[in-house]
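FYI, it's all coordinate maths here, none of it is from the lab. Since this is a predicted model, take the numbers as computed values, not measurements. Cβ placement follows ideal geometry from the backbone for every residue including glycine, while neighbour counts extend to all protein chains displayed.
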Amino acid sequence: MYHETFKGSPYEMGFRWGSRLAANGNFILENLGFPITRERLGFAANCFPVYQKYFPEILEEIQGIADGQHCPAETLHGFLFGMYAIPPACLCSCFAVSTKSRILFGRNSDFLTVLKKTNQNVIYRFSSGTSFSFTGNTTAFVQMEDGINEWGLALGLTSVYPHAARPGMNAGLLLRFFLEKCSTTEEVLAYIQKLPISSAQTFTIADALGSIALVECNGEKVTVIRPGLHPFVCATNLFHAPEMTAYNNLKIDNWDAERRFQTMNRFLAARSSQMNRKDALDLLSGREGFLCQYDTRTGKDTVWSVIYDLKNREIFRAEGNPGRKQFRKDERFSFS
């Protein structure tokens, strides 16, 4: 897993990173893993006005990367804006627990082993006051799959196979937007109701005040799920809200999404009210049932695992499958 720290304006961050890669002979467009088709370019062009309206800073960063790489920004748009809306996508497990003594967020990122060397952990520190600092993890670049910002707002996504791709913001860039622009769960929930959405996904959300929620959404519908009898929410790669299940595609390989969901749901229903950090580590590491025990010969694995302890402002990450790799505390990020 690569570790990057970005400082400055969005354009400066992008240009420095793109230039540094180019100076070392690393050109993004030569290492994407799948072709940028006319379909992707056309879809990205339709999404562009949405980012221009709601998240222009991300366009500045991408333009900086493109200039540093000496490549067209439109091609990078074709790669980034189509993620999650046009497969392939990553398959993951996520939960949040909130009690009087603990606020815990946990996530396993499941993806293709052939691409795991390019995974990134990043820290963003903006020179302007329009965006919050954050740290996050991603299988690509620019977009984020989980993270926590300076106010202790933590989020993680799980992708759901898209019912239909619509022009809008995709899962990874929505999550990035929330980290930069929101300080509480309630602010995220307000934004998700008005931002155009291109892909299908869940967002697990937790803040330092102890407010947690799960959002299941696509371009047609947004459903917010709050904790019920027990103080937790969890998600994998299927919708479970009754009004969302019609959007599930059960014919594709979702990497045992329902089995992973039942592992978390069963354990958290029994343990969440007294849950501690060791319990979270055990759950993510597969010691409480199937969650990360993939046969790597199939090209599948959990490529990182993370726990955000929001009460104590602590981050723990296993850079690899948590059943085989140790969680280590990351003390590089500063909270407000």
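The phi torsions of the stretch 313-329, fed into the Karplus equation with coefficients 6.51, -1.76 and 1.60 and a -60° offset, translate into couplings of 6, 10, 10, 10, 9, 9, 8, x, 5, x, x, 10, 10, 7, 6, 10, 6 Hz, rounded to whole numbers, with Gly and Pro shown as x. Just need the Rg to Rh number for the stretch 58-98, please, alpha carbons only, Kirkwood Rh. Answer for the stretch 58-98: 1.20.
Let a ≥ b ≥ c be the square roots of the eigenvalues of the Cα gyration tensor of the stretch 86-163; is it rounded (a/c under 1.5), or, if not, prolate (a/b larger than b/c) or oblate?
Numbers: a/c = 1.95, a/b = 1.21, b/c = 1.61.
Verdict is oblate for the stretch 86-163.
Determine the relative contact order of the stretch 168-294: mean sequence separation of Cα pairs under 8 Å and six or more apart, normalised by residue count, in whole percent.
On the way: 159 pairs, mean separation 20.6, N = 127.
Relative contact order, the stretch 168-294: 16 percent.
Check cross-link reach from Lys53 to the aspartates and glutamates: straight Cα distance under 18 Å, and skip same-chain residues fewer than eight apart. Lys53 reaches Glu61, Glu74, Glu180. Under 15 Å from a label point set 7 Å out along the Cα-to-Cβ vector of Asn26, the amide N atoms of the stretch 134-150 belong to 138-142.
Of Lys7/Lys329; Lys194/Lys300; Lys7/Lys116, which ones are farther than 29 Å apart at the Cα? Violating the 29 Å Cα-Cα cut-off are Lys194/Lys300. If only the Cβ of Lys and Arg carry +1 and only the Cβ of Asp and Glu carry -1, the dipole of the chain around its Cα centre is close to 700 debye.
Counting Lys and Arg as +1 and Asp and Glu as -1, each charge on the Cβ, what is the dipole of the stretch 161-239 about the Cα centre in debye, to the nearest 20?
Numbers: 6 positive and 6 negative charges, 34 e Å.
So the magnitude is around 160 debye.
In straight Cα distance, which aspartates and glutamates are under 17 Å from Lys325, not counting same-chain residues fewer than 8 positions off? Result set, ordered by chain and number: Asp110, Asp279, Asp282, Glu288, Asp295, Asp301. In the stretch 158-172, which residues have a backbone nitrogen under 19 Å from the label point lying 7 Å from Gln52's Cα in the Cα-to-Cβ direction? Under 19 Å, as judged by backbone N against the label point of Gln52, lie 166-170 of the stretch 158-172. Can you pull a Stokes-Einstein diffusion coefficient for the chain at 4 °C (1.567 mPa s), Rh from Kirkwood over Cα pairs, as a whole number of µm²/s? Rounded, D is 66 µm²/s. Take the Cα of Thr130, go 7 Å toward its beta carbon, and the backbone nitrogen atoms of the stretch 158-196 under 19 Å from that spot belong to 169, 173-183, 191, 195-196. Measuring nothing but how far apart in sequence close Cα pairs (under 8 Å, 6+ apart) lie, relative to its length, the chain scores a relative contact order of 18 percent. Rounded to the nearest 500, the helix-only mean residue ellipticity at 222 nm of the chain stands at -9000 deg cm²/dmol, with each DSSP H run of n ≥ 4 adding -39,500 (n - 2.57).
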